[in-house]
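First up is the structure itself, then whatever we jot down about it.
The values are calculated or read from the model by the stated rules, or taken from the named source; none is laboratory data. Quantities reported herein were computed from a predicted structural model and do not represent experimental measurements. Quick reminder, even Gly has a Cβ in these numbers, built from the backbone with ideal geometry, and neighbours come from all protein chains shown. Just so you know, the surface numbers come from the protein's heavy atoms only, side chains and all, with ligands and any DNA or RNA stripped out. Shrake-Rupley method; radii C 1.70, N 1.55, O 1.52, S 1.80 Å.
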Protein chains: 2
Amino acid sequence: MENYIAVSIFESLSSGVRLDIFRLLIKKGFDGMVAGEIATSLNIPPTNLSFHLKALTQNRLLTVEQEGRFQRYRANIQLMSDLIAYLSEECCNGHPEHCLET
Amino acid sequence: MENYIAVSIFESLSSGVRLDIFRLLIKKGFDGMVAGEIATSLNIPPTNLSFHLKALTQNRLLTVEQEGRFQRYRANIQLMSDLIAYLSEECCNGHPEHCLET
DNA sequence: TCATTATTTCAATAATTGTTGAATAGTTGT
DNA sequence: ACAACTATTCAACAATTATTGAAATAATGA
(Lines give C-alpha, C1' and ligand atoms only; values in the text may rest on other atoms or scores of the structure.)
Protein backbone atom coordinates (compact mmCIF):
# COMPACT_ATOMS: atom_id res chain seq x y z
CA MET A 1 0.00 0.00 0.00
CA GLU A 2 1.26 3.46 -0.93
CA ASN A 3 1.85 5.87 1.93
CA TYR A 4 -0.60 8.42 0.58
CA ILE A 5 -3.34 5.81 0.64
CA ALA A 6 -2.54 4.99 4.25
CA VAL A 7 -2.68 8.73 5.06
CA SER A 8 -6.09 9.00 3.41
CA ILE A 9 -7.38 6.10 5.49
CA PHE A 10 -6.01 7.63 8.70
CA GLU A 11 -7.65 10.94 7.75
CA SER A 12 -10.93 9.12 7.21
CA LEU A 13 -10.85 7.50 10.62
CA SER A 14 -9.40 10.46 12.52
CA SER A 15 -12.89 11.71 13.42
CA GLY A 16 -14.96 10.02 16.10
CA VAL A 17 -18.08 10.44 13.96
CA ARG A 18 -16.50 8.75 10.96
CA LEU A 19 -15.02 5.96 13.04
CA ASP A 20 -18.49 5.35 14.52
CA ILE A 21 -20.00 5.19 11.03
CA PHE A 22 -17.34 2.81 9.82
CA ARG A 23 -17.57 0.51 12.84
CA LEU A 24 -21.33 0.41 12.56
CA LEU A 25 -21.14 -0.61 8.91
CA ILE A 26 -18.47 -3.20 9.59
CA LYS A 27 -20.90 -4.79 12.05
CA LYS A 28 -23.63 -4.84 9.39
CA GLY A 29 -21.45 -6.72 6.92
CA PHE A 30 -22.78 -7.16 3.42
CA ASP A 31 -26.23 -5.89 4.39
CA GLY A 32 -24.84 -2.44 4.99
CA MET A 33 -27.25 0.38 5.83
CA VAL A 34 -29.02 3.15 3.99
CA ALA A 35 -28.10 6.72 4.88
CA GLY A 36 -31.26 7.40 6.86
CA GLU A 37 -30.73 4.34 9.04
CA ILE A 38 -27.21 5.47 9.83
CA ALA A 39 -28.44 8.98 10.66
CA THR A 40 -31.07 7.59 13.04
CA SER A 41 -28.77 5.03 14.58
CA LEU A 42 -25.99 7.51 15.35
CA ASN A 43 -28.18 10.58 15.77
CA ILE A 44 -26.31 12.69 13.21
CA PRO A 45 -28.08 15.46 11.22
CA PRO A 46 -28.49 14.40 7.56
CA THR A 47 -26.31 17.13 6.04
CA ASN A 48 -23.49 16.40 8.39
CA LEU A 49 -23.80 12.67 7.82
CA SER A 50 -23.66 13.24 4.07
CA PHE A 51 -20.46 15.22 4.53
CA HIS A 52 -18.79 12.36 6.39
CA LEU A 53 -20.18 9.62 4.14
CA LYS A 54 -18.75 11.46 1.17
CA ALA A 55 -15.32 11.68 2.80
CA LEU A 56 -15.35 7.99 3.68
CA THR A 57 -16.56 6.98 0.23
CA GLN A 58 -14.01 9.15 -1.58
CA ASN A 59 -11.26 7.52 0.41
CA ARG A 60 -12.69 4.09 -0.41
CA LEU A 61 -13.53 3.12 3.18
CA LEU A 62 -17.15 2.74 2.09
CA THR A 63 -18.96 1.74 -1.06
CA VAL A 64 -22.33 3.16 -2.01
CA GLU A 65 -25.09 1.68 -4.15
CA GLN A 66 -28.35 3.26 -5.16
CA GLU A 67 -31.45 1.35 -4.13
CA GLY A 68 -34.58 3.11 -5.24
CA ARG A 69 -34.51 6.42 -3.49
CA PHE A 70 -32.14 5.13 -0.87
CA GLN A 71 -28.35 5.01 -0.86
CA ARG A 72 -26.94 1.87 0.66
CA TYR A 73 -23.50 2.10 2.22
CA ARG A 74 -21.19 -0.77 3.00
CA ALA A 75 -17.76 -0.94 4.68
CA ASN A 76 -14.81 -1.89 2.50
CA ILE A 77 -13.45 -4.73 4.57
CA GLN A 78 -10.73 -5.56 2.06
CA LEU A 79 -9.21 -2.11 2.43
CA MET A 80 -9.01 -2.59 6.20
CA SER A 81 -7.32 -5.89 5.60
CA ASP A 82 -4.79 -4.14 3.34
CA LEU A 83 -4.25 -1.47 5.99
CA ILE A 84 -3.53 -4.09 8.61
CA ALA A 85 -0.96 -5.66 6.30
CA TYR A 86 0.60 -2.23 5.73
CA LEU A 87 0.78 -1.51 9.45
CA SER A 88 2.22 -4.92 10.18
CA GLU A 89 5.07 -4.20 7.78
CA GLU A 90 5.62 -0.74 9.23
CA CYS A 91 5.34 -1.92 12.79
CA CYS A 92 7.47 -4.99 12.40
CA ASN A 93 10.33 -3.29 10.64
CA GLY A 94 13.27 -4.88 12.41
CA HIS A 95 11.08 -6.10 15.26
CA PRO A 96 8.90 -8.94 13.97
CA GLU A 97 8.44 -10.40 17.43
CA HIS A 98 6.11 -7.57 18.42
CA CYS A 99 3.57 -8.34 15.75
CA LEU A 100 3.04 -12.06 16.09
CA GLU A 101 -0.21 -12.15 17.95
CA THR A 102 -3.77 -13.34 18.02
CA MET B 1 -8.30 -0.43 22.97
CA GLU B 2 -10.82 2.34 23.58
CA ASN B 3 -12.22 4.04 20.52
CA TYR B 4 -10.97 7.46 21.56
CA ILE B 5 -7.43 6.10 21.72
CA ALA B 6 -7.79 4.69 18.22
CA VAL B 7 -9.08 8.09 17.04
CA SER B 8 -6.06 9.82 18.58
CA ILE B 9 -3.71 7.43 16.78
CA PHE B 10 -5.50 7.98 13.46
CA GLU B 11 -5.27 11.76 14.03
CA SER B 12 -1.57 11.40 14.69
CA LEU B 13 -0.94 9.53 11.47
CA SER B 14 -3.37 11.51 9.31
CA SER B 15 -0.62 13.89 8.24
CA GLY B 16 1.99 12.88 5.68
CA VAL B 17 4.66 14.67 7.71
CA ARG B 18 3.80 12.80 10.90
CA LEU B 19 3.54 9.46 9.13
CA ASP B 20 7.01 10.08 7.65
CA ILE B 21 8.38 10.87 11.11
CA PHE B 22 6.83 7.78 12.61
CA ARG B 23 7.97 5.46 9.82
CA LEU B 24 11.49 6.84 10.04
CA LEU B 25 11.62 6.19 13.79
CA ILE B 26 10.16 2.71 13.41
CA LYS B 27 13.07 1.94 11.09
CA LYS B 28 15.54 3.20 13.66
CA GLY B 29 14.18 0.91 16.35
CA PHE B 30 15.55 1.37 19.86
CA ASP B 31 18.27 3.76 18.67
CA GLY B 32 15.66 6.32 17.78
CA MET B 33 16.82 9.74 16.61
CA VAL B 34 17.37 13.15 18.15
CA ALA B 35 15.16 15.98 16.92
CA GLY B 36 17.86 17.62 14.81
CA GLU B 37 18.58 14.39 12.95
CA ILE B 38 14.91 13.99 12.13
CA ALA B 39 14.72 17.60 10.92
CA THR B 40 17.73 17.10 8.66
CA SER B 41 16.62 13.71 7.43
CA LEU B 42 13.12 14.84 6.47
CA ASN B 43 13.98 18.47 5.69
CA ILE B 44 11.41 19.94 8.06
CA PRO B 45 11.93 23.36 9.73
CA PRO B 46 12.64 22.89 13.46
CA THR B 47 9.57 24.74 14.72
CA ASN B 48 7.27 22.76 12.53
CA LEU B 49 8.96 19.52 13.48
CA SER B 50 8.55 20.37 17.15
CA PHE B 51 4.84 20.90 16.58
CA HIS B 52 4.44 17.46 15.04
CA LEU B 53 6.72 15.70 17.52
CA LYS B 54 4.64 17.16 20.32
CA ALA B 55 1.42 15.86 18.76
CA LEU B 56 2.89 12.40 18.24
CA THR B 57 4.32 12.27 21.74
CA GLN B 58 1.11 13.48 23.40
CA ASN B 59 -0.78 10.73 21.61
CA ARG B 60 1.85 8.20 22.75
CA LEU B 61 3.06 7.28 19.25
CA LEU B 62 6.53 8.43 20.31
CA THR B 63 8.52 8.53 23.50
CA VAL B 64 11.07 11.21 24.23
CA GLU B 65 14.13 11.11 26.45
CA GLN B 66 16.54 13.90 27.22
CA GLU B 67 20.15 13.22 26.32
CA GLY B 68 22.36 16.15 27.19
CA ARG B 69 21.01 19.01 25.12
CA PHE B 70 19.37 16.63 22.68
CA GLN B 71 15.94 15.09 22.78
CA ARG B 72 15.87 11.51 21.61
CA TYR B 73 12.63 10.26 20.09
CA ARG B 74 11.60 6.65 19.64
CA ALA B 75 8.55 5.03 18.08
CA ASN B 76 6.14 3.23 20.41
CA ILE B 77 6.02 -0.11 18.65
CA GLN B 78 3.79 -1.66 21.28
CA LEU B 79 1.06 0.89 20.57
CA MET B 80 1.14 -0.02 16.90
CA SER B 81 0.82 -3.63 17.84
CA ASP B 82 -2.22 -2.77 19.96
CA LEU B 83 -3.69 -0.78 17.08
CA ILE B 84 -3.30 -3.74 14.75
CA ALA B 85 -5.13 -5.92 17.27
CA TYR B 86 -7.90 -3.33 17.51
CA LEU B 87 -8.26 -3.09 13.75
CA SER B 88 -8.26 -6.84 13.40
CA GLU B 89 -11.24 -7.05 15.74
CA GLU B 90 -13.03 -4.20 13.99
CA CYS B 91 -12.24 -5.55 10.57
CA CYS B 92 -13.07 -9.14 11.28
CA ASN B 93 -16.37 -8.47 12.98
CA GLY B 94 -18.47 -11.25 11.44
CA HIS B 95 -15.94 -11.81 8.67
CA PRO B 96 -12.86 -13.46 10.18
CA GLU B 97 -11.84 -15.00 6.86
CA HIS B 98 -10.76 -11.59 5.54
CA CYS B 99 -8.13 -11.09 8.18
CA LEU B 100 -6.21 -14.33 8.12
CA GLU B 101 -3.19 -13.32 6.15
CA THR B 102 0.57 -13.08 6.10
C1' DT C 1 31.05 33.36 32.77
C1' DC C 2 30.01 33.54 28.09
C1' DA C 3 29.34 32.08 23.45
C1' DT C 4 27.42 28.15 21.13
C1' DT C 5 24.20 24.55 20.22
C1' DA C 6 19.60 22.10 20.46
C1' DT C 7 15.03 22.43 20.92
C1' DT C 8 10.74 24.40 22.29
C1' DT C 9 7.33 28.07 23.05
C1' DC C 10 5.01 32.06 21.50
C1' DA C 11 2.31 34.91 18.46
C1' DA C 12 0.63 35.80 14.11
C1' DT C 13 -1.32 34.05 10.21
C1' DA C 14 -2.67 30.63 6.66
C1' DA C 15 -5.06 26.66 5.49
C1' DT C 16 -8.10 23.06 6.22
C1' DT C 17 -12.03 20.74 8.17
C1' DG C 18 -16.60 20.50 10.47
C1' DT C 19 -21.43 22.00 11.13
C1' DT C 20 -25.89 23.82 9.95
C1' DG C 21 -30.35 25.24 7.51
C1' DA C 22 -32.16 26.14 3.08
C1' DA C 23 -32.45 24.83 -1.46
C1' DT C 24 -32.00 21.17 -4.92
C1' DA C 25 -32.26 16.66 -7.38
C1' DG C 26 -33.88 12.19 -7.91
C1' DT C 27 -37.42 8.36 -6.79
C1' DT C 28 -41.77 6.45 -5.55
C1' DG C 29 -46.70 5.73 -5.24
C1' DT C 30 -51.24 7.71 -6.25
C1' DA D 1 -48.60 15.28 -12.95
C1' DC D 2 -48.13 15.73 -8.18
C1' DA D 3 -47.21 15.13 -3.36
C1' DA D 4 -44.19 12.74 -0.24
C1' DC D 5 -39.80 10.99 0.75
C1' DT D 6 -34.49 10.32 0.62
C1' DA D 7 -30.37 12.20 0.27
C1' DT D 8 -27.10 15.53 -1.45
C1' DT D 9 -25.26 20.12 -2.61
C1' DC D 10 -24.70 24.85 -1.53
C1' DA D 11 -23.33 28.82 1.12
C1' DA D 12 -22.22 30.77 5.32
C1' DC D 13 -19.86 30.37 9.26
C1' DA D 14 -17.31 28.12 13.26
C1' DA D 15 -13.62 25.54 14.77
C1' DT D 16 -9.47 23.26 14.37
C1' DT D 17 -4.89 22.39 12.62
C1' DA D 18 -0.55 23.73 10.20
C1' DT D 19 3.29 26.81 9.27
C1' DT D 20 6.71 30.29 10.16
C1' DG D 21 10.22 33.56 12.29
C1' DA D 22 11.49 35.52 16.53
C1' DA D 23 12.23 34.89 21.26
C1' DA D 24 12.99 31.93 25.16
C1' DT D 25 14.87 27.90 27.65
C1' DA D 26 18.26 24.73 28.72
C1' DA D 27 22.72 22.24 28.28
C1' DT D 28 27.61 22.25 26.79
C1' DG D 29 32.33 23.39 26.50
C1' DA D 30 35.96 26.89 26.33
- Item | Å² of accessible area per residue within chain A, as computed with a 1.4 Å probe and no ligands counted | 54 Å²
- Residues of type lysines that residue B:54 reaches as a straight line, Cα spacing below 22 Å, ignoring anything fewer than 8 places off in the same chain: B:27, B:28
- Message: Using the alpha carbons of the protein assembly as shown, what is the convex hull volume per residue in cubic angstrom, as a whole number?
- Response: 122 Å³
- Would you mind finding the longest exposed-site-free stretch of chain A, with exposed trypsin sites (Lys or Arg not before Pro) meaning DSSP loop and at most 16 other Cβ atoms within 10 Å? A:1-59
- Message: What whole-number volume per residue, in cubic angstrom, does the convex hull of the C-alpha atoms of chain A give?
- Response: 107 Å³
- the protein assembly as shown, accessible surface, carbon-and-sulfur percent (1.4 angstrom probe): 51 percent
- Quick one: if the Förster radius is 41 Å, what FRET efficiency do residue A:64 and residue B:51 give, using the C-beta to C-beta distance and rounding to 0.05? 0.70
- Note: A vs B interface, total accessible area buried (1.4 Å probe; ligands, DNA, RNA excluded), nearest 100 Å², is 2800 Å²
- Working out 0.36 nm times the residue gap between residue A:1 and residue A:93, then minus their Cα-Cα distance, what length gain in nm do you get to one decimal? 31.6 nm
- Query: Measuring label to label, 7 Å along Cα→Cβ, what does residue A:23 give against each other copy in nm, shortest first?
  - Reply: 2.8
